[in-house]
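The values are calculated or read from the model by the stated rules, or taken from the named source; none is laboratory data. Small disclaimer: the values here were computed from a predicted structure and weren't measured. Every residue, glycine as well, gets a Cβ built from its backbone with ideal geometry; the counts of neighbours run over all protein chains shown. What goes into the accessible areas is simple: the full protein's heavy atoms, side chains included, and nothing from ligands, DNA or RNA. Shrake-Rupley method; radii C 1.70, N 1.55, O 1.52, S 1.80 Å.
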Amino acid sequence: MQFFIDVLLPLPLPKAFTYWVDEAEFDFLDPGFRVAVPFGKNKLYTGLVYKKHSLAPQAYTPKPIEVILEDHPIVNIKQLHFWEWMSDYYRSTLGDILRAALPSAFLLTSETFVSRVKDIDIEWDELSDEAYLVLEALEQRDLLIEDIQAIAQRKTVLSLLQVLIEKGYVQTQQSLKEKYKPKKNRYLRIHPDHTSDESMGLLFDQLKRAPKQSAFVLGLYQLKTEEEWVKLSQLKKQLSLTSGLIRTLLDKGVIEERWMQEDRLLLKKISADTKPMLSSAQQIALNEVRAQWNDKEVVLLEGVTSSGKTELYFSLIEEQLKKEKQVLFLLPEISLTAQMVQRLQKRFGEQVTVFHSKFSIHERVEVWQNILHNSPKARIVLGARSAVFLPFSQLGLVVVDEEHEVSFKQFDPAPRYQARDAAIVLANQHKCKLLLGSATPSIETRFNVERKKYGHVRLLERFGEALLPLVQTIDLKEAHKKKEMKGLFSKTLFEAIENCLLAKKQIILFQNRRGYAPLLECHSCGHVPQCTNCDVSLTYHQYNHQLRCHYCGYHIAKPLQCAVCTSPSLELKGTGTQQIEEQVQHYFPQAKVERMDWDSTRGKWSFESIIERFTTGEVNVLVGTQMVTKGLDFKNVGLVGVINADSLLFFPDFRAHERAFQLLTQVAGRAGRSNEQGSVMIQSFSPAHPVLQQVIQTDYEALYAQQIHERRTFDYPPFFRLIKISLKSRDYQKAQQAAQWLHDVLAQHLTTPILGPVDPMVARVRNQYIKQLMLKYPDNNTRKHVKDVLSNALKSIEAIGQFRSVKINVDVDPF
């Protein structure tokens, strides 16, 4: 009898590949084990055992596995089931999901080493200079491809290597390289032979002539903990020591050393807070959530901004911790984790861990291992969307805060999933409850409430009787007409900022565009500098005086004259966060200003440091993009200013009005979160726009009724589902022909609408031309049929030679 395992590889392949194992390996291995396997000619990959069986594949001869990398599975069965659902629903390969789910340190790939073939005569005179240098270096040690590139001073060395291999001078081999290295710290302690009072006295007598050694031993004795081991870094801070001193004492047997493994992710210890009393409204809402969970798996908690939803989350989390269950707490943005970690730690101590993309590969592995083994240090997992992939085994509750946020959607690369929807499936598979929280629920979530699919609990008053902010619109047309503008600020907003600073209150200014200005235009001929790789204009960034593409990173220095007509009259058009920051510093020099956008928060702790400075009052004015709108809790904010709301209102997207309402309501909610009523000022050229009026009146019901009517009329979600298909090629005609071919094939088998092929708003990115198709189909039992037809059509187009270079991406629910 033969034994086989199916292995998932971190590659966009349509299926797992079968490998041969012996009986002992077959008995030892289970789904979820990490193994190294050969794939292709000479390459080794890390794979994941998917299934065990005794059926040999018909199309190829299975190879044996190379090595088993662990003594236990790193992925559990529930995770594999979750990946299967995600692969089926989002039409993504299991390989893509594996690559997205596992920390990259787990995914070892082989490195190509080049070595000299021994006992062969080399005809040195026939060699080129580059080959001579390479062979000479190989006399000393084996080389990586990168080493050979450096020696030969060439980017491509394959032709050089091919010549040396054909002559039999060198050979190549593959070697796996482990990326993850545990963090170990050095600890010291006094040797157990010298711990009694008598032996300690004799020791100090021996060290009389070595005062530095004697002082160090005394200091170590005073610093020792209950376990007696003291970290070397702590000793260095408090004692005068050298490596020679430590080595001498180790040789004498006076002290001992040990290297101990530690987690890299050590959150700051925060003193515990007393558990706050819930208000009567919060207690009623909490009881309603518990009651609705009796017959609903998912409950929507709809609470106005600053209503105290977080305290309800904490009460429900506490119940799960008493049962020794795990809790997944999803947030839409990394920027929110800093404040939330502090609040969770104050309440639950060291049971909190964090997982998001700013962490190093080593930190992610350690968090993964803690969750896998249900460590007490990882009972509460706070994370962004990728946290749904973590290896939970005792999941008791999932909380999705700000569930309406578009940040929960993964757009690129695959898998293109919606973390909120994925979390609902994850909770269902673990048979645990899920709570969605929002002040402005998404239309789809609220529609599921109307269909009695989700439970619904409302919290309609702010905590501590705080008043909702006073919202007003400012007509920019009138302000310009009356010449009441000071830079980007109308007279009303300018005076409000002045008064707020005098009253020692803080201010948030919101503009959903980073950079300094989106356009640099020639005043004479109208030319606007464009990206050479993408169909977009270049955005001006003042801090480095560059024009930069936000799609591919292409950048040039700010020109002094027009590239077309050589006119020096170049004018910046539009407004970005950098320009607002500059103008605040110009008009209000006494104010301390900070900017929070993608450019200013690239560092690992950038979010945390900005938020901490604003919370402690070091910063008076915070300028930012949508990062500042999402769930942050600042007690001293007296004013929120929206510099220009029109870009939100007139964006060409069926969800533009919904998202504009959500963003503006959320940013308004940052004001007046204490006893004093805050103020919100929204500048717009269309102050009478229905969405702005709905924001002023906090009228979510009116927005919902209007959106549901429009979407039912025009066949959009939640009544119809969408699948977006993007085709990319360096050849425009090839992209167009492939898109039309796919459209025609789908039209033969589907009766539902197929929109396109069309150019998207940005029709070329990184020199790839893009064509798009959109499938619209009813939200009923036709879903599987539509996806199956699409999958078959994609298999067909892959078989056509002329279209093999066309990249095709499928995005299910692309909103």
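Report, by residue number, each residue of segment 130-158 that is within 12 Å of Ser115 (Cβ to Cβ), outside any helix (DSSP H, G or I) and out of contact with any Ser or Thr (no Cβ under 6 Å at 6 or more places or on another chain).
Selection gives Glu139, Gln140, Arg141, Leu143, Leu144.
Going by what's in this entry, would Phe720 be described as aromatic (Phe, Trp, Tyr), within 27 Å of Asn533 (Cα to Cα), touching a residue at least 12 places away in the same chain (Cβ under 8 Å) and crowded, with 16+ Cβ neighbours inside 10 Å? It would help to see each step written out before you state the result.
On the way: aromatic (Phe, Trp, Tyr): yes; within 27 Å of Asn533 (Cα to Cα): no; touching a residue at least 12 places away in the same chain (Cβ under 8 Å): yes; crowded, with 16+ Cβ neighbours inside 10 Å: yes.
So Phe720 fails the test.
When only residues in segment 113-122 that are touching a residue at least 24 places away in the same chain (Cβ under 8 Å) and over 25 Å from Lys43 (Cβ atoms) count, which is surrounded by the fewest Cβ atoms within 10 Å (Cβ to Cβ)?
The selected residue is Ile120.
Among the residues that make up segment 462-474, is at least one of them of a type outside the set (Asp, Glu) and in a helix (DSSP H, G or I)?
yes
Filter segment 337-382 down to the residues that are small (Gly, Ala, Ser) and either touching a Ser or Thr at 6+ places or on another chain (Cβ under 6 Å) or buried (at least 22 other Cβ atoms within 10 Å of the Cβ) (or both) and list them by number.
Result: Ala378, single match.
Among the residues that make up segment 513-520, is at least one of them open to solvent by 70 Å² or more (accessible area, probe 1.4 Å) and under 30 Å from Val810 (Cα atoms)? Working first, answer last.
The initial filter retains those residues of segment 513-520 that are open to solvent by 70 Å² or more (accessible area, probe 1.4 Å), namely 513.
With the extra rule that they be under 30 Å from Val810 (Cα atoms), the set shrinks to 513.
Scanning segment 513-520 turns up at least one residue that is open to solvent by 70 Å² or more (accessible area, probe 1.4 Å) and under 30 Å from Val810 (Cα atoms).
Restricting attention to segment 323-374, and to residues there that are of a type in the set (D, E, K, R) and over 26 Å from Phe411 (Cβ atoms), which single residue is farthest from the chain's Cα centre (by Cα)?
Lys323
What residue, of Leu509, Leu502, is closer than 27 Å to Glu612 by Cβ, of a type outside the set (Gly, Ala, Ser) and free of Cβ contacts under 8 Å to residues at least 60 places away in the same chain?
Sole residue among the options that is closer than 27 Å to Glu612 by Cβ, of a type outside the set (Gly, Ala, Ser) and free of Cβ contacts under 8 Å to residues at least 60 places away in the same chain: Leu502.
Just to be sure before I move on: is Lys41 over 33 Å from the mean Cα position of the chain (by Cα) and either part of a loop (DSSP other than H, G, I, E, B) or touching a residue at least 24 places away in the same chain (Cβ under 8 Å) (or both) in the structure I sent?
yes
Which residues, taken from segment 52-70, are under 30 Å from the mean Cα position of the chain (by Cα) and open to solvent by 70 Å² or more (accessible area, probe 1.4 Å)?
Matches in segment 52-70: none.
Looking only at segment 450-461, filter to residues that are in a strand (DSSP E or B) and either open to solvent by less than 10 Å² (accessible area, probe 1.4 Å) or charged (D, E, K, R) (or both); which one of those is farthest from Gln693 (Cα to Cα)? Don't jump to the end; show me each part of the working.
Our first condition is that a residue be in a strand (DSSP E or B); within segment 450-461, this holds for 455-459.
Checking which are either open to solvent by less than 10 Å² (accessible area, probe 1.4 Å) or charged (D, E, K, R) (or both) leaves us with 455, 457-459.
Working: Gly455: 29, Val457: 25, Arg458: 22, Leu459: 22 Å.
Checking each candidate, the answer is Gly455.
List, please: which pairs have Cβ atoms under 9 Å, are six or more places apart or on different chains, and start with a residue in segment 771-793 that is within 23 Å of Gln737 (Cβ to Cβ) and end with one that is open to solvent by less than 10 Å² (accessible area, probe 1.4 Å) and of a type in the set (S, T, N, Q)?
Lys771/Ser729
Ser335 - would you say it is modelled with pLDDT of 90 or more, part of a helix (DSSP H, G or I) and within 22 Å of Phe607 (Cα to Cα)? Break it down stepwise before answering.
Numbers: modelled with pLDDT of 90 or more: no; part of a helix (DSSP H, G or I): yes; within 22 Å of Phe607 (Cα to Cα): yes.
No: the conditions fail for Ser335.
Please determine whether any residue of segment 251-266 is open to solvent by less than 20 Å² (accessible area, probe 1.4 Å) and at pLDDT 75 or above.
Yes, because at least one residue in segment 251-266 is open to solvent by less than 20 Å² (accessible area, probe 1.4 Å) and at pLDDT 75 or above.
For segment 69-104, how many residues are at pLDDT 90 or above and either in contact with a Phe, Trp or Tyr (Cβ under 7 Å, 6 or more places away or on another chain) or assigned to a helix (DSSP H, G or I) (or both)?
Total satisfying the criteria: 24.
When only residues in segment 391-449 that are part of a strand (DSSP E or B) and of a type in the set (D, E, K, R) count, which is nearest to the chain's Cα centre (by Cα)?
Let us first name the residues in segment 391-449 that are part of a strand (DSSP E or B), namely 395-401, 409, 418, 433-438.
With the extra rule that they be of a type in the set (D, E, K, R), the set shrinks to 401, 409, 433.
Working: Asp401: 16, Lys409: 10, Lys433: 24 Å.
Taking the candidates together, the pick is Lys409.
Could you check how many residues of segment 645-684 are crowded, with 19+ Cβ neighbours inside 10 Å and not in a helix (DSSP H, G or I)?
Matching residues across segment 645-684 total 13.
What strands (runs of 3 or more DSSP E) completely inside segment 543-636 contain at least 3 residues that are open to solvent by 30 Å² or more (accessible area, probe 1.4 Å)? Let's see the steps before the verdict.
On the way: elements: 546-548, 555-557, 570-573, 593-596, 621-624.
So the answer is 555-557, 570-573.
May I ask you to list the residues in segment 706-741 that are under 16 Å from Ala793 (Cβ atoms) and in contact with a Ser or Thr (Cβ under 8 Å, 6 or more places away or on another chain)? Lay out the reasoning, then the answer.
Residues of segment 706-741 under 16 Å from Ala793 (Cβ atoms): 723-727, 737-741.
Ala738, the sole residue that qualifies.
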